[in-house]
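Data block below; observations after.
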Amino acid sequence: MSGDEFKAKLKELGLSIKDFCELSGWGYQSIINAISREKITEQMACIVGLLKKNKELESQIIGLKALLKD
């Protein structure tokens, strides 16, 4: 994954780089360096994938809760 793809995926999730750092435990400067050097690790990409899946599941839970209220 390129640095631009990484940033695009974060943006798609509504996350900033700082948000990603807080959620993942990665240091801010480490992420900035990885992005600028196009060295996004498999771990970083997996974390973004997990965050995306989590967001999808949260949306489904909200939808199910709404259905149960009706």
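Of all helices (runs of 4 or more DSSP H) completely enclosed by the chain, which ones contain at least 3 residues that are at pLDDT below 90 and of a type in the set (D, E, K, R)?
Here the list reads 42-69.
For the structure I just gave you, tell me whether LYS65 is of a type in the set (Lys, Arg), without any contact (Cβ under 8 Å) to a residue 60 or more places away in the chain and open to solvent by 100 Å² or more (accessible area, probe 1.4 Å).
For LYS65, the condition - of a type in the set (Lys, Arg), without any contact (Cβ under 8 Å) to a residue 60 or more places away in the chain and open to solvent by 100 Å² or more (accessible area, probe 1.4 Å) - is met.
Can you give me the number of residues within the stretch 8-54 that are within 11 Å of the chain's Cα centre (by Cα), of a type outside the set (S, T, N, Q) and open to solvent by less than 90 Å² (accessible area, probe 1.4 Å)?
18
The values are calculated or read from the model by the stated rules, or taken from the named source; none is laboratory data. Since this is a predicted model, take the numbers as computed values, not measurements. Note that we place each Cβ from the backbone using ideal geometry, even for glycine, and neighbour counts take in every protein chain shown. Side chains included, ligands, DNA and RNA excluded: accessible areas come from the protein's heavy atoms. Shrake-Rupley method; radii C 1.70, N 1.55, O 1.52, S 1.80 Å.
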